[in-house]
Amino acid sequence: MKFILSTKLLLIMCVCCLFVLPQSALSAETKVATISLQEVLAKSKAGMSAQTELEAKVEEFKQKFSTEQQDLEKLGAEIEKKRSVWSREVQEEKERDYQMKMREFKLKTDDAQFELKQMEKKLMEPILKNLHEIISNYGKNEKFTMIFENTRKGLESRTGLLYASESIDITDKILKLLDAR
């Protein structure tokens, strides 16, 4: 025999459970906070140092590749200008040469992007680990039930959190603790 609960019966059972729960469980204080990890990383000494290192590496790559990119652009422009003057064989040879140089350039820039991602990971992992420990300890010491990420993107859209009062934001406190470490 199958027993199927109706919606009314399920609702009645839920209401009954509320009355049976211990009063201490219902009155337990829930303490919630929010933090903008993006802001902490952007404003912390460690985060700014990592960002400066990454920007220096990006600038190094830009300088390294700018001449080669300009040469490729010149070669592409030359091919377009002289296409009608060259014989078919010369034109095909120049285009093959151009395509080969473009592929080599793309491989170099892809390698540079990979190197930047690896460098970012290497720089950010210890900071994020430290930050996680700080937030965890702060949450335990201050007896928070939950701490939510509250990073704003765009105008006022948030990731995962639709609304939070500014009064529960602990970003500045965590930033000071991270900088103190």
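The numbers here are math on the coordinates, done by the rules we state, and not lab data. Computed from a prediction, not measured in an experiment: that's the story for all the values here. FYI the Cβ positions are ideal-geometry reconstructions off the backbone, even for glycines, and counts take in every protein chain you see.
Between the listed residues Ala33, Phe61, Ile170, the Cα displaced farthest toward the positive end of the dipole of segment 29-180, a dipole computed from Cβ unit charges relative to the Cα centre, is found at Ala33. For Lys62, the lysines whose Cα falls under 23 Å of its own Cα, not counting residues fewer than eight places away in the same chain, are Lys74, Lys101, Lys106, Lys108, Lys117, Lys121, Lys122. Applied to segment 112-125, the Karplus parametrisation 6.51 cos²θ - 1.76 cosθ + 1.60 on θ = phi - 60° returns per-residue 3J(HN,Hα) values of 5, 5, 4, 4, 5, 5, 5, 5, 4, 4, 4, 6, 8, 3 Hz, with x for Gly and Pro. Amide H contacts under 5 Å for Asp169: Thr34, restricted to partners 5 or more places along the chain or on a different chain, H placed in the peptide plane at 1.01 Å from N.
Of the peptides 165-176, 73-84, the ranking by mean beta-carbon count within 10 Å, highest at the top, reads 165-176, 73-84. For Lys45, the lysines whose Cα comes closer than 16 Å to its Cα, not counting residues fewer than 8 places off in the same chain, are Lys129, Lys173, Lys176. Annotation: amide H-H contacts under 5 Å for Thr151 (H modelled 1.01 Å from N, sequence separation of 5 or more, or interchain): Leu37, Thr159.
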